[in-house]
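Okay, so here's the structure we're looking at.
Readers should treat all values here as calculations from the given coordinates under stated rules, not as data from a laboratory. Just so it is clear, the model here is predicted, and its values are computed rather than measured. Please note: Cβ atoms are built from the backbone with ideal geometry, for glycine as well, and neighbour counts cover all protein chains shown.
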Amino acid sequence: MSSEDASNARRDFLRKSITLIPVVTLATAGITSPVLAQTPAQESDGNKPGQSPASDAYEPSFFTQEEWAFLHAAVAHLIPADDRGPGAVEAGVPEFIDRQMNTTYGSGGLWYMQGPFKTDAPPELGYQLRLSPQQIYRLGIQETDQWSKKRFNKVFAELNPEQQDIVLHEIDGGKAQFEALPANTFFSLLWSNTKEGFFCDPIHGGNKNMVGWKLINFPGARADFMDWVERDEPYPFPPVSIRGERA
């Protein structure tokens, strides 16, 4: 499969899967927050509707520069920009994830973190490890870069798109050998947070210019749109954020 075909496949999967679950929760694999953690309200970045915000305008407060490079490369590969709209980087997903790491969600304060800790527990029991999201990212990025060096002699951010695709598939499928945590646990958190950042309200740092909502025709935080629920026609109005911003 070519890079273009893979990009289109990810976009199509994203559009189809996101309509089947609530946009606010997006909880999968038992390791994401039940609701988006509260983050400080941010001022408007001055971008006009339709423009992609500068990806380097935000300075991370949790991730190191090496981790920040990985995060940009990974989310850009998971939700790439294409002719249908901006991707995860342009939507501010790295900023969203960095902000989440500085909340009680990131530190595991919203989770039950007592033992026993089992790596072979049935999936229906949910997340069973002792690691907080902060620790999962720190260890997972380090392990991914080590795996990338083992496979291609470069860290993940320096790989070409085809190599990044191979590494992410190996992590997702559990083929990659991590020592500190299961590889697919890290991928599951990364993928879940990427979707959350792409579809959250912009107040949380992601979904800039509401590009995620426009992709799936979600009306956002409009007070009332029930009159259109039974109509067999597209909803004609653009999305609105919690702060009243309009796309």
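Odds and ends about this structure:
- Applying 0.36 nm per residue to the separation of residue 84 and residue 237 and subtracting their alpha-carbon distance, the gain on full extension is 53.2 nm.
- Cα-centred dipole magnitude for segment 104-206, charges only on beta-carbon of K, R (+1) and D, E (-1), debye, nearest 20: 280
- In segment 58-117, Cα pairs under 8 Å separated by at least six residues give a relative contact order of 32 percent.
- Charged side chains reduced to their Cβ positions (Lys and Arg at +1, Asp and Glu at -1) give segment 68-145 a dipole of some 340 debye around its Cα centre.
- Relative contact order of segment 161-247, pairs being alpha-carbon contacts under 8 Å that are 6 or more residues apart, as %: 19
- Positive-end residue, segment 79-230 charge dipole about Cα centroid, Cβ charges, pick of 184, 202, 114: 114
- Rounded to the nearest 20 debye, the dipole size of segment 58-97 about its Cα centre is 100 debye, using +1 on the Cβ of Lys and Arg and -1 on the Cβ of Asp and Glu.
- Sequence ranges 75-81, 151-157, 226-232, ranked by mean other-Cβ count within 10 angstrom, highest first: 75-81, 151-157, 226-232
- With a Förster radius of 25 Å applied to the beta-carbon distance between residue 65 and residue 107, the computed FRET efficiency rounds to 0.70.
- Residue 240 long-range amide H proximity, modeled H, under 5 Å: 220, 221, 222
- Residues whose placed amide H lies under 5 Å from that of residue 81, excluding near-sequence neighbours: 87, 88
- Across 175/195; 118/149; 154/175; 118/175, pairs whose alpha-carbon gap is larger than 25 Å: 118/149
- In segment 47-166, taking the dipole from charged Cβ atoms about the Cα centre, the farthest positive-side position among 57, 127, 164 is held by 127.
- FRET efficiency, 1/(1 + (r/R0)^6) with R0 35 Å, evaluated for residue 160 and residue 180 via beta carbons: 0.85
- Here the gap between residue 216 and residue 153, fully extended at 0.36 nm per residue and compared with their Cα-Cα distance, gives a gain of 18.8 nm.
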